[in-house]
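**Student:** Before I ask anything, here is the structure I am working with.
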Amino acid sequence: MSQCDDSEKGNSLFNPTRRQALAMAVIGAAGVMLPLGRPSQAFAAAKAAAAGQVIIGLSQEPTVFNPHMPHIEVDEGIHWNIFDPLFGISPSGEFTPALAVEVPTVANGGISADGLQWKVKLREGVKWHDGTPFTAEDVKYTLELIVNPEFRSGRRAGHDLVRDITVVSPTEIHWRMEKSYAPYASILSWTFMVPKHVLSAAADVNNAPFNNAPIGTGPFKWASRVAGDHIQLKANPDYYGTLAQIDSVIFKYIPDLTVLYTQFKTGDIDVTAMQGITPDHYEEAKGLAERTVVVLPVATVESVALNLERPQFKDPAVRKALYLAIDKKTIIDELYYGLVLPTETYMPQQSAYYNPNLPKQGFNIDEANKILDQAGWKPGAGGIREKDGVRLSFTNSTTAGNQIREQAQQFMQQTWLAIGVEMKISNLPPAVMWGDYWMQSKFDSAVVGINFLTGADPDTRDYFGSTSTSAKGGAGQNTMQYSNAKVDELLAQGASLQDVAQRKAVYLQVQEIIRDDLPMLPLFQYTYLRGYKSQLKGFAGNINLRIEPWNVNTWSWA
């Protein structure tokens, strides 16, 4: 799913942007047979017993273990190690085989020239963690479950175009697309397969025991969970790909970022993942003995998300005034030590689809007050502006214990008060903040980091499409409840095109409209600071994914 506090991505910095742009449209590409840290038996490690343990520190607690239910990025650290997609995507943007023997393309006959007919060949001998064989029936079941209206799906966009799914044999499956849809390859690269024999037996898939003790085909098996503290996974000795060299992986929940850093210093945790090392600790962290600190450019954009169904935010003048009254430069320089990149869009600046020509925000209290005056928002009780019985007063929420975000909230609270706007801070524990409170649009406004892309693909229908709002019965991440007919039209057009240049023109225009409408007030694009013990080998980011612990089976202790 989604949009949480942070989405972890990797260290390729979108270097081969042209190749990534083309890789998104798998149609016509030549299938690349590179290891994703797991995919092929040809790259599998020798069958030696895994040993040792690694402890990964997380500032948020993973709570959603069915990968197709609404969830946030931190949950995907669990998903990537328990489950597999048909094929994944490497840090350089190339699709890589996983449960599929090869990536389907026009060249190898897996996709028809018009992009409508798909044929996928599956690996033989793959087993679910309970020993049951994995087959094409599981693929069919997964694709049908995602679009089942009775299932609380986190995303249906793209999957809702699949028709006529046919199981040809246990190792081959075909389907037809209702129309050519360029982002579908990227969607499939993080669509994890789930077991038909387990979930189809559940009376209610939404409340199946599986959702709290998942069974996958991945390199690690579910072991145990202590809610509020940690989750443990154990190596899968029967994995078809690269066998894990580490026997036990513990995802430890440490909500206080200062405590998380302290435990990294003392050695109580081996790796800092979400949210990692805060900028104020960067200089010290670089000098720690037997520790490696890396700077990972990521696609995540920090913003103030506005719930557009709140009356305070329905007036575009209010959104424009609020944006003008954010001291973005001070927040970036003083709180983030200049390590993050100011932005005016949801699109990462390294993407081939990034629009560099959007208006630049400037901190201007006088102009903000002028806009509100002209829009008829008059000072009322306590100096807070009012119009038609609506006060410019609302709550702003984010993860409790994230000190830097809390300081940013205080900056905005002060400058917004200077334009007659009352912002009350109401922060919540991660599991509450990014649960139904966020997914069902129960918030007023939120400080949030979101990776808006679909893998490396620029499609954002899941976040800005008017039918992608869970609170209105849709399946998607449009928690801002944004609705713009022109954006819907452009997103549909962009998804139907295969030519990169034609698609770019569409997404540049989408960014212009979003920047003008301001359903979100963009602050900056993240750079993450991650640390791990120097004896640990194999840690790598992947800018095309939303979490770093995506390839723990390739990690080892020196």
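The values are calculated or read from the model by the stated rules, or taken from the named source; none is laboratory data. Just so you know, these numbers come straight off a predicted model, no measurement behind them. A quick note on method: Cβ atoms are made from the backbone with ideal geometry, for glycine too, and the neighbour counts reach across all protein chains shown.
**Student:** Kindly indicate which of Gly241, Gly276 is within 30 Å of Met423 (Cα to Cα), crowded, with 23+ Cβ neighbours inside 10 Å and not assigned by TED's automatic domain parsing to the domain that holds Asp517.
**Tutor:** Every option except Gly276 fails the conditions.
**Student:** Against the condition at negative phi, of a type outside the set (S, T, N, Q), in contact (Cβ under 8 Å) with a residue 40 or more places away in the chain and in contact with a His (Cβ under 8 Å, 6 or more places away or on another chain), how does Val198 come out, does it pass?
**Tutor:** Considered against the rule, which asks whether it is at negative phi, of a type outside the set (S, T, N, Q), in contact (Cβ under 8 Å) with a residue 40 or more places away in the chain and in contact with a His (Cβ under 8 Å, 6 or more places away or on another chain), Val198 comes out as no.
**Student:** Regarding segment 308-322, can at least one residue be identified that is farther than 29 Å from Phe394 by Cα and touching a strand residue (DSSP E or B) at 6+ places or on another chain (Cβ under 7 Å)?
**Tutor:** The answer is no; no qualifying residue exists.
**Student:** Quick one: Ala495 ticks every box in (1) crowded, with 17+ Cβ neighbours inside 10 Å; (2) closer than 28 Å to Val340 by Cα; (3) in the same structural domain as Leu453 (by TED's automatic domain parsing); (4) among the aliphatic types (A, V, I, L, M) bar one, so which box is it?
**Tutor:** Of the numbered conditions (1) crowded, with 17+ Cβ neighbours inside 10 Å; (2) closer than 28 Å to Val340 by Cα; (3) in the same structural domain as Leu453 (by TED's automatic domain parsing); (4) among the aliphatic types (A, V, I, L, M), the odd one out for Ala495 is (2).
**Student:** Now a separate question. Please verify whether Tyr323 is crowded, with 16+ Cβ neighbours inside 10 Å, in a loop (DSSP other than H, G, I, E, B) and either charged (D, E, K, R) or in contact (Cβ under 8 Å) with a residue 24 or more places away in the chain (or both), treating the condition exactly as stated.
**Tutor:** no
**Student:** Of everything in segment 413-470, what is closer than 16 Å to Val301 by Cα and among the charged types (D, E, K, R)? Give them in sequence order.
**Tutor:** Within segment 413-470, Asp457, Asp459, Asp462 qualify.
**Student:** Name the single residue, out of those in segment 74-84 being surrounded by 24 or more Cβ atoms within 10 Å (Cβ to Cβ) and touching a Leu at 6+ places or on another chain (Cβ under 9 Å), that is modelled with the lowest pLDDT.
**Tutor:** Val74
**Student:** Sticking with this structure for a sec: Which one of these does Gln502 not meet: (1) among the polar types (S, T, N, Q); (2) modelled with pLDDT of 95 or more; (3) not in a loop (DSSP other than H, G, I, E, B)?
**Tutor:** Condition (2) is where Gln502 drops out.
**Student:** What residue, among those in segment 242-253 that are modelled with pLDDT of 95 or more and part of a loop (DSSP other than H, G, I, E, B), is farthest from Lys533 (Cα to Cα)?
**Tutor:** Leu243
**Student:** To continue, here is another question. If the requirement is being among the charged types (D, E, K, R) and part of a strand (DSSP E or B), which of these qualifies: Glu386, Glu367? Walk me through how you get there before you give the answer.
**Tutor:** Values: Glu367 fails: part of a strand (DSSP E or B).
Answer to the selection: Glu386.
**Student:** Let me ask something else. Output the number of residues of segment 423-452 satisfying the condition of being surrounded by fewer than 17 Cβ atoms within 10 Å (Cβ to Cβ) and assigned to a strand (DSSP E or B).
**Tutor:** 2
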